[in-house]
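Each remark here refers to the structure printed beneath this line.
The values are calculated or read from the model by the stated rules, or taken from the named source; none is laboratory data. Computed from a predicted structure; not experimentally measured. Cβ atoms come from the backbone with ideal geometry, glycine included; neighbour counts cover every protein chain shown. Side chains are part of the model used for accessible areas, which takes the heavy atoms of the whole protein and leaves out ligands, DNA and RNA. Shrake-Rupley method; radii C 1.70, N 1.55, O 1.52, S 1.80 Å.
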Amino acid sequence: MAGKYKEFKELNFARIAEEVLDFWNKEQIFEKSVTNREGAPTFTFYEGPPSANGTPGIHHVMARTVKDIFCRYKTLQGFQVKRKGGWDTHGLPVELQVEKLLGITKDDIGRKISIEDYNKKCRETVMMYKDQWDDLTRKMGYWVDLKAPYITYEKEYIETLWWILKELYDKKLLYKGYTIQPYSPAAGTGLSSHELNLPGCYKDVKDTSIVAQFEVKKNPASDFLFTAQAGERKVYIMAWTTTPWTLPSNTALAVGEKITYVQVNTFNPYTHKPVSVVLAKDLFGKYFSDKNKDLKLEDYKPGDKAIPYQVIQEFAGKKLVGVRYEQLMPYLQPLYDADKAFQVVAGDFVTTEDGTGVVHTSPTFGADDFRV
């Protein structure tokens with residue numbers, strides 16, 4: 001009986017909801033909530049428009065519920081709340097969708113298909129799932145005017161945006177700045193964070209990583225690294241990277257201010273020269289084997305597979321901030337503020353999960369790098 005009762009309740013609620021929706025539609029309740037407040041203070045709502053080239057999901061129901069609450073609340077306060085719906089026809093996802101449907105690439109536009117026909121196909125595809133969106137809008141009781149929506153590919157909308165930009169320019173509210181954007185060579189354009197999260201954009205691969213040694217310059221800020229224990233050894237900061245092609249544009253090294261670092265006397269396994277290196281204490285075991293801890297530095301011979309080491313001091317990363325080092329590959333200088341480059345800076349994104357606890361920083365290739 002309990003199961004049947006539950007089924008009856010669900011059917012009953014569904015029937016009641018349908019009757020309410022039919023009543024709203026027949027009596028134009030949404031429209032009247034706007035027109036019967038003519039002359040009242042206005043509260044205008046433009047929906048951040050969804051994209052009809054993709055199907056709606058539960059997250060759209062959640063977001064629209066919140067939007068609807070605010071509009072209904074302002075209506076109950078006596079405001080005339082005009083709710084303008086719209087459709088976002090953002091370019092790249094639609095273009096990629098059309099190219100996949102037609103089996104073409106960007107290079108084929110203007111050759112295998114005319115620009116006019118390509119644009120026409122994009123305009124058709126961008127509204128592919130509009131019926132599903134309209135059905136969802138009605139069923140969830142979301143009040144929004146979709147009879148005269150704004151559509152981002154319409155000339156009126158585009159011209160409005162250019163007008164707004166002109167107004168901002170005339171008021172000297174625009175400025176030139178720099179930012180780091182992911183780029184798609186295939187599409188020939190930058191990518192948004194949304195596009196970077198599309199299925200299939202990322203995959204896990206195994207690749208070679210490298211550790212680069214950055215030679216520390218001797219000056220008052222770095223004096224604590226050139227101790228009697230370090231002797232005549234050159235001092236290097238070890239930085240790990242999975243993107244070695246970015247090393248020519250290295251501009252800084254980032255450390256965690258609260259991370260503990262160690263300085264280690266040892267030998268370069270490739271050149272066999274005596275060196276003193278700096279890395280995070282928590283990652284020390286990844287580079288120095290415990291079985292070599294009793295080997296003596298003075299007994300090392302070039303070519304020995306077992307390399308001795310000696311930890312000579314440890315300190316907080318904050319002490320490294322401001323230490324300067326030699327440019328790794330001195331082909332080009334940074335575009336601006338070159339005098340501030342090639343020094344250790346603090347970064348809140350630095351961890352000791354991988355690498356050396358020191359992050360090679362290349363503003364040309366990373367948003368975090370550029371920010372720090």
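Under the condition of being part of a helix (DSSP H, G or I) and aromatic (Phe, Trp, Tyr), the residues counted in segment 57-86 number 2. Restricting segment 351-372 to residues that are within 16 Å of residue 244 (Cα to Cα) and in a loop (DSSP other than H, G, I, E, B) leaves a set whose member that is most open to solvent (accessible area, probe 1.4 Å) is 365.
Taking segment 328-350 as the range and being in contact (Cβ under 8 Å) with a residue 40 or more places away in the chain and either surrounded by fewer than 15 Cβ atoms within 10 Å (Cβ to Cβ) or among the aromatic types (Phe, Trp, Tyr) (or both) as the test, the residues that pass are 329, 331, 332, 342, 348, 349. Taken over segment 242-288, the residue count meeting the criterion of being β-branched (Val, Ile, Thr) and over 20 Å from residue 299 (Cα atoms) is 9. Within segment 29-52, how many residues turn out to be at pLDDT 90 or above, loosely packed, with under 15 Cβ neighbours inside 10 Å and closer than 30 Å to residue 124 by Cα? Count: 3.
So residue 55 passes all but one of these: (1) open to solvent by less than 40 Å² (accessible area, probe 1.4 Å); (2) under 27 Å from the mean Cα position of the chain (by Cα). Which condition number does it fail? Every condition holds for residue 55 apart from (1). Quick check on segment 207-227: of everything there that is exposed (fewer than 11 other Cβ atoms within 10 Å of the Cβ) and either at pLDDT 85 or above or within 16 Å of the chain's Cα centre (by Cα) (or both), which residue is farthest from residue 277 (Cα to Cα)? Filtering first and then ranking leaves 220. Given (1) loosely packed, with under 14 Cβ neighbours inside 10 Å; (2) hydroxyl-bearing (Ser, Thr, Tyr); (3) in contact with a strand residue (DSSP E or B) (Cβ under 9 Å, 6 or more places away or on another chain), where does residue 236 come up short, assuming only one miss? Checking residue 236 against (1) loosely packed, with under 14 Cβ neighbours inside 10 Å; (2) hydroxyl-bearing (Ser, Thr, Tyr); (3) in contact with a strand residue (DSSP E or B) (Cβ under 9 Å, 6 or more places away or on another chain), the one that fails is (1). Within segment 198-214, residues that are over 30 Å from residue 54 (Cβ atoms) reach partners that are of a type in the set (A, V, I, L, M) and part of a loop (DSSP other than H, G, I, E, B) with beta carbons closer than 9 Å, at six or more positions or on different chains, in the pairs 212/328; 213/328; 214/328. Listed here are the strands (runs of 3 or more DSSP E) enclosed by segment 221-298 that have at least 2 residues being in contact (Cβ under 8 Å) with a residue 40 or more places away in the chain and in contact with a helix residue (DSSP H, G or I) (Cβ under 6 Å, 6 or more places away or on another chain): 260-267.
Might you let me know whether segment 180-196 holds any residue that is of a type in the set (Val, Ile, Thr), in contact with a Leu (Cβ under 7 Å, 6 or more places away or on another chain) and surrounded by 13 or more Cβ atoms within 10 Å (Cβ to Cβ)? Scanning segment 180-196, I find at least one residue that is of a type in the set (Val, Ile, Thr), in contact with a Leu (Cβ under 7 Å, 6 or more places away or on another chain) and surrounded by 13 or more Cβ atoms within 10 Å (Cβ to Cβ), so the answer is yes. Filtering segment 185-197 to residues that are free of Cβ contacts under 8 Å to residues at least 60 places away in the same chain and aliphatic (A, V, I, L, M) leaves only 196.
For residue 282, the test of being open to solvent by 100 Å² or more (accessible area, probe 1.4 Å) and either more than 40 Å from the chain's Cα centre (by Cα) or closer than 26 Å to residue 224 by Cα (or both) is passed. Exactly one residue out of 134, 88 is of a type in the set (Asp, Glu), open to solvent by 30 Å² or more (accessible area, probe 1.4 Å) and within 30 Å of the chain's Cα centre (by Cα), and it is 88.
In this entry, residue 20 passes the filter for residues that are part of a helix (DSSP H, G or I) and either open to solvent by 30 Å² or more (accessible area, probe 1.4 Å) or more than 18 Å from residue 129 (Cα to Cα) (or both). Of the residues making up segment 56-90, those that are without any contact (Cβ under 8 Å) to a residue 12 or more places away in the chain and over 30 Å from residue 35 (Cβ atoms) are 57, 58, 59.
Scanning segment 299-327 for residues that are in a loop (DSSP other than H, G, I, E, B) and either loosely packed, with under 15 Cβ neighbours inside 10 Å or polar (S, T, N, Q) (or both) yields 301, 302, 303, 304, 305, 306, 322, 326, 327. The helices (runs of 4 or more DSSP H) found wholly in segment 95-199 and carrying at least 1 residues that are of a type in the set (Phe, Trp, Tyr) and within 30 Å of residue 27 (Cβ to Cβ) occupy 130-139.
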